[in-house]
Amino acid sequence: MTLLELEGVTASYGPVQVLDGVSLSVPEEGAVGILGANGAGKTTTLRAISGTVRAGGRITFDGKDIRGMRPDQVAALGIAHVPEGRGTLGDLTVRDNLRVGAYLRKDRKGVDQDIDYCLDLFPNLQERITSNASALSGGEQQMLAVGRAIMSKPRLMLLDEASLGLAPSTAKNVYDAIRRLRIESGIAMVVVEQNANLAFTLVDSATVLETGRNALTGTSAELRGMDEIRRAYLGG
Amino acid sequence: MASSPKTSASTTSAPASSATTSSASSFRQRPWVRWGAPLLLVVGLAVLPLVMTEGANDTLARIGVFAVAVLGLNVVMGYTGQVSLGQIFFLGLGAYVTAYGVQSGWNIVLVFVLTCLIPAVAGLLVALAAARLGGLAIAMVTIALPIVGVPLAKRLSDFTGGSQGLSARFVEAPEGSGLYDDQWQLYLVLVIGGIVFLMTSLLVRGKYGRAFAIVKGNENVASSMGISPYRYKVLAFTIASLIGGVSGFLYMVVVQYTSPETMSFGHSIELLVAMVIGGAGSIVGSLLGGAFYVIVPDVTNAIDPSLTALLQGALLLAVLFVLPGGLVSLPRALTRRLRRSPAGRGSAAPPTTPSSTPGSGTAAEQSETERQGHA
Amino acid sequence: MGKFVQLVVDGLSTGSVYAALALAIVLVHQATGLINFAQGGMAVLSAYVAWWLTNQGLPLIVAILLAIVFSVVFGALVERWLMRRFERGDPDTAVVVTIGLLTLITGFAGWLWTYNNQQFPSLFPLDTVSFLGVSVSVRSLGTTAVIVVAMLLLQGLFVGTKLGLALRAVAINPQSAAFSGLPVGRLLMVGWGLAAALGAVAAALVAPQLTLTPGMLDNALVYALAAVILGGLTSPIGVVVAAWIIGILENLAAVYVPFIGFDLKVAVPFILIFVVLIVRPQGLFGRKTVVRV
Amino acid sequence: MNRHLRSRRALGIAVASALAVTVAGCGNRDDAGRSGDAAEGAPSPGITDDSVTLGITTPLSGATAGPGTCTVAGITAYFGMKNAEGGIEFGDGQTRTVEIEALDDTYDPQQAAANYDQLKDDVFAMTAGLGTPTNRAWRDAAIADEVPQVLIMTGDPLFSDTEESPWQLGFVPIYQNEGEAFGELLASSSGEHRVAILSQNDDFGAGYVEGFKSAIEGADNIEIVDELTYEATDTSVDAQITELANSDADVFFNAMSVTPLVISSLQKAQQLGWTPNWFLPSNTSSPTAILEPGGAAAFPGIYSVSFAKAPQSPAFAEDEDVQTYLSALPQYGNYPDPPAFPHCQWSWMVGATLEQAFTEMQEPTRDSFMEALRGIEGFEAPLMLPDTSVTTTEDGQPAVSTVVVQKYNGRGYDTVETFE
């Protein structure tokens, strides 16, 4: 069952064409990685999905055409975007950040349960629950960003550079927790990541973007075996 | 296959824009343009007062006065990012120093030096205290300057003439020059204002300007680079005050009268408006801002004197609605429009807030850390 | 002693005037992250609408309610058709746009209703209450009471409701808020509409005392801004308390500190701001924000 | 009105300087427009055989726009009415209509000076503008350019000093005169009086207080018990009233020019149970706009000084002057509401005084005009109260220097001779 489907997606910032026909397919409960160099269009692909960039081509979610929708409409369909730079709400407490994540939900009880779930998944947040988000460390902010996405009970999560700027051990903690989340919740994921090693611990398959186009697509195992991938992204 | 992702990234980021800037800058670098254009400007400005009507000379001189005041505001606000709502206070202070000095019969050169020094020292003292505060707090402390300055000027009536103010007619054209007073005044404004503009543009393009930009962009980054935000904020504020003092001198050259009304809070707000309308963080923008400050009341008066406020408000909103970057962005907006229309492509909304950091090399290298800081 | 207490009471009622406007400024700031210089101008416009309606023969309370409705719509429209264009850009530009709006509204009111002082009827009787040798007008008491209620409602809105949380989230980071499904545009309009309504209430309360002119709230604006900064931008209770402190201290300083006197008492709030912010950068009641690199 | 022509010119100048257009087309500079080089006896700028143009710079927006608008409305109405009657016959035998060019200076001295620069070559004389700093800003320039700056609305004595200000003349009494008039009345009363003073912190307030004090000097039945100031930008003077009420004065000398503050002062004093005899300046003593909303009937006596009939006062309801004035103001002055400030009456009287000078001037020159203007004696302008008149021959005094003290009677004012 395909949950998200991108076909020939294009996008540009002013005169600069950033996406030049990107395709992507994410099955229900699947996890797909997007790899590539800086400026290859990874982040823009996620933005095209969540409606923050005007895009051409075809983007369907659950069989519905979502291209051209506003970000909040896309979110309402069950797509949670964890943006690059985390997008936590600095002047709100950790708990309020999580409550904002649950904005569209009406089930009060379920919300409280899910807050507990987030705190269980990220124990660091437990002790900072009344701190302002701006006072958190980078790793904690990343956890909070993922937690906020969880709160919206999404069917698909878009993760953008979750390891950026984090110490390797912290990055690993974050990815471990996300993997646990994936197993326990079955949320499908699109994972953008510079660090391919980390990405491959989470995703089943991946596509490599180069100047706004799919250069290579394959399962994690296939891609891991390729020399070019290894040289460019796996540090070997 | 990209073997070195880092370099490919930087080339894909902005090929089109870098192409246009390089062609423009090479045009600017041709020797005859480099030297000819400023020369032409100087000659033009030298001839202008002789051929224009008295009214036009007067208008131009007033534009010069307020362009200098806006320039000072730009140093602290446009370039260094510290909101100042007190710039008019330094203009008023400079005007009072000039008026008092002239009335006391001091040498005019001494008066000018004091007109620079006293506001600069006052600005320094205020800044030493105010620069410890950030953001809106600094705005509130600077608001206090005109608010408290007006009653203070009334109280110090021995120096200021109280609410009746001080007159000083000291810039009659020298005997034998064959110039009318308005021409002589305009020359003074052009020369003094020109020097201030030249020095300021050198300042903001140089080492200090880059430091200002980094402080504006992110103070934490600045600290990590060994640039003390506090010290540069104080410096910027002091320079702004000094320039404000000079504009006060020019004010006395042109208006020849000052009173507490000169530094009322409303005018400080109008200077802020002029700075943004002209274009924040821009030398040319300061000039355009000064022109806006002076011309708009005249134009609205000419249209209908009983509707000035309504028309001024509408005009301000209309300009910013079309040109959010200020008048100085007009050429850019025009070329963008021209470039876009043949392409016929729908514009992509820029995903992030337009960065306020000028693209200087050092700031760009830091952008990644900065982004995390803002997250 | 009687004089001292009377001066405190006078300061409280003057402070309430500042507080009324300050609350509306805080609401817009909390909901959009902007300082709206036109807040007072929009409030005055609402007061003119109410005044015009009473002149058409409507009862005062009905006129004020209709003016509040007008304000909500007007505030929302201003957000949608004017401020929307500037919200993502340079904040200085957005502030200057609100200054332009203030000029425009003032000019419009002056054109339509002249610059003459108009008498605005008071919601409260012009009686005086005396206790312990101190007298205070019923109007001041009423104004203060309404402001306290507004303050509590506002505090409740921000702290206790989902709407308040959503408004704050949108102000902090609109794009990120949208990722959680918050309809950003609509929330911004709601924020401006609510603030305008609050401004309308404020103007209707103080107009009988200040008499209605296009620039009625211009002088109060500076004090209101001072109260907003002093109280801390995030706390409705904080700004009201700060406005009262400013009103009281100003009077006491003028009378008991000969050097300050009545001419320089305007310096008092700024000295206060300066001292307080050096010690507590977040204001008296504001929440501390720590920014990490 | 030739506003269209003027608009185009001003707009042209503005745009031209905005673009800083270079040399082309500007070559023939108009030296005739420069100061002081007009030939002897030739007509001055702003006057032709059938019309004369007067300039005004005054606040038409901002905090002082209310009285500022009035200063334009009154004189515009007066000459509008005269023009409709066919114009005014000047002393040189020509009949001319009178045009008014008014510009807004928002009470900004710099803008006032700019407005003057813009008007000076097109108008015959500048007149009626409101404000001390805004008139001082271009006083020196007007002297240098020999442009009349006459019958202006400021009580600053500088403008009435012929030596210092040869091309100037104030219209309204200097502030000192008004304070003095009340002081004299008080000093001549039989009882002992304790006086509290609250004055605006500028030349307006200081002038009143100075005049008042000079009049009571040596009178041992008067004691000043407390004296405070306020700023024109204050939102409230409650604290001052509280402090003054504490002094238990029986006379309150209140030199205040801000309408809402006068109203709230009257109310605050009543709240505190302090009901002194109350003195108010001529520009903030309107029965309808100030005293009624302030509840002035609660006080034993509200005193003011005046030289003009209060149009709303029932005593003048049948007065011919008042009726002409009230019907001309909306018809010719573009001022539909009942006048809220006395400045409307005053500038109406300025119009009549100018007409008086016009009929006497022998040549269409500014010199001749100043001569005629300075020769008016005992002219009873329309709307003037009995015992007051326009006299311009007295050095150091503005056109109107006599005022009568009046007492509020619940609806209007009665002239009083004694303080009881």
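Values quoted throughout were computed directly from the atomic coordinates according to the rules given, and no laboratory measurement underlies them. Predicted, not measured: the structure shown is a model, and the values here were computed from it. Here the Cβ positions follow ideal geometry from the backbone for every residue, glycine too, while neighbour counts run over all protein chains shown.
Reported to the nearest whole Å, the Cα centre-to-centre distance from segment C:187-215 to segment A:59-130 is 35. How big is the gap, in Å, between the Cα center of segment B:241-317 and the Cα center of segment D:330-388? A separation of 35 Å, based on Cα centres.
For segment B:171-251, which GluC sites (Glu not before Pro) are in a loop by DSSP, counting at most 16 other Cβ atoms within 10 Å? Walk me through the intermediate numbers first.
On the way: sites: B:172, B:175, B:219; in loops: B:172, B:175.
Hits after loop and neighbour filter: B:172, B:175.
Nearest 10 degrees, 0 to 90: what angle lies between the long axis of helix D:259-271 and the longest principal axis of chain D (Cα atoms)? The angle comes out at about 0 degrees. Which pairs, out of B:154/D:213; A:42/B:216; D:82/D:309; B:216/C:265; A:109/C:162, put more than 23 Å between their alpha-carbon atoms? Those over the limit are A:42/B:216; B:216/C:265.
Seen against the Cα atoms of chain A and their longest principal axis, helix A:108-121 is set at about 70 degrees. Within the shell of other residues whose beta carbon sits under 15 angstrom from the beta carbon of residue C:85, the net charge comes to -1, with Lys and Arg scored +1 and Asp and Glu -1. Among C:170, C:279, C:201, the largest mean-square fluctuation in a Gaussian network model of chain C (Cα springs under 10 Å) belongs to C:279. Shown here for segment D:181-260: GluC sites (Glu not before Pro) in loop regions (DSSP other than H, G, I, E, B) with at most 14 other Cβ atoms within 10 Å, namely D:192, D:217.
Counting Lys and Arg as +1 and Asp and Glu as -1, each charge on the Cβ, what is the dipole of segment C:20-216 about the Cα centre in debye, to the nearest 20?
Details: 8 positive and 5 negative charges, 77 e Å.
Magnitude of the dipole: close to 360 debye.
Summing +1 for each Lys or Arg and -1 for each Asp or Glu, what net charge is found among the other residues whose Cβ lies under 12 Å from the Cβ of residue B:148? List each step's numbers first, then the result.
On the way: positive: B:154, B:155, C:265; negative: C:263, D:231.
That sum, taken over residues with Cβ under 12 Å, equals +1.
Annotation: average projected area of segment C:20-216 is 12.2 square nanometres, based on the convex hull of Cα atoms across all directions. Derived scalar couplings between HN and Hα for segment B:151-164 equal x, 5, 4, 5, 5, 7, 5, 5, 9, 10, x, x, 6, 7 Hz in order, rounded to whole Hz, by the Karplus curve 6.51 cos²θ - 1.76 cosθ + 1.60 (θ = phi - 60°), x for Gly and Pro.
Just need the relative contact order of chain D here, percent rounded to a whole number, with Cα pairs under 8 Å and 6+ apart. Don't jump to the answer; show the numbers that get you there.
Details: 874 pairs, mean separation 78.1, N = 420.
Relative contact order here is 19 percent.
Under 5 Å from the amide H of residue A:56 lie the amide H atoms of A:10, A:11, each residue being 5 or more positions distant or on a separate chain, with H modelled from the backbone and absent for Pro and chain starts. Among the DSSP helices (H) of chain C, those spanning at least 18 angstrom by Cα along their long axis with an average Kyte-Doolittle hydropathy of -1.0 or more are C:2-32, C:39-55, C:60-81, C:91-113, C:138-160, C:184-210, C:218-231, C:236-256, C:267-279; this is a geometric and hydropathy rule only. The alpha-carbon atoms of segment B:54-263, seen along their principal axes, cover 59, 37, 28 angstrom, with the largest extent given first.
Just counting partner chain Cβ atoms within 10 Å, what average do the residues of peptide D:176-185 show around their Cβ? Write down the numbers at each step before the final one.
Numbers: counts 0, 0, 0, 0, 0, 0, 0, 0, 0, 0.
Going residue by residue through D:176-185 and averaging, the value is 0.
In deg cm²/dmol, rounded to 500, what helix-only [θ] at 222 nm does the protein assembly as shown give when every DSSP H run of at least 4 residues adds -39500 (n - 2.57) and the total is split over its residues? Kindly include the intermediate steps, with their values, before the conclusion.
Details: 51 runs with 723 residues, N = 1324.
Counting only the DSSP helices, I get -17500 deg cm²/dmol.
Model label sites at residue D:371 and residue A:227, defined 7 Å from Cα along the beta-carbon direction, differ in position by 11.1 nm.
List the trypsin sites (Lys or Arg not before Pro) within segment C:123-231 that DSSP assigns to loop and that have no more than 12 neighbouring Cβ atoms inside 10 Å.
Numbers: sites: C:139, C:162, C:168, C:186; in loops: none.
Taking segment C:123-231 and a limit of 12 other Cβ atoms within 10 Å, no loop trypsin sites (Lys or Arg not before Pro) are found.
For segment D:176-306, the relative contact order works out to 26 percent when only alpha carbon pairs closer than 8 Å and six or more residues apart are counted.
Largest GNM mean-square fluctuation across D:401, D:160, D:61, computed for chain D with C-alpha springs under 10 Å, falls on D:61. What Kirkwood hydrodynamic radius, in Å, does the protein assembly as shown give when the mean of 1/r is taken over all pairs of distinct Cα atoms and then inverted? Radius from the Kirkwood sum: 33.8 Å. Taking a straight Cα-Cα cut-off under 14 Å and skipping sequence neighbours fewer than 8 places away in the same chain, the aspartates and glutamates within cross-link reach of residue A:64 are A:5, A:7. Highest GNM mean-square fluctuation among A:107, A:65, A:20, for chain A modelled with Cα contacts below 10 Å: A:107.
What percent do you get for the relative contact order of chain A when only Cα pairs under 8 Å and 6+ apart count? Don't skip to the end; give the middle numbers.
Values: 451 pairs, mean separation 62.8, N = 236.
In percent, rounded to a whole number, it is 27.
Give me the distance between the Cα centres of segment A:164-204 and segment C:251-271, rounded to whole Å. The two parts, judged by their Cα centres, are 62 Å apart.
The angle between the Cα long axis of helix D:3-19 and the longest principal axis of the Cα atoms of chain D comes to about 80 degrees, rounded to the nearest 10.
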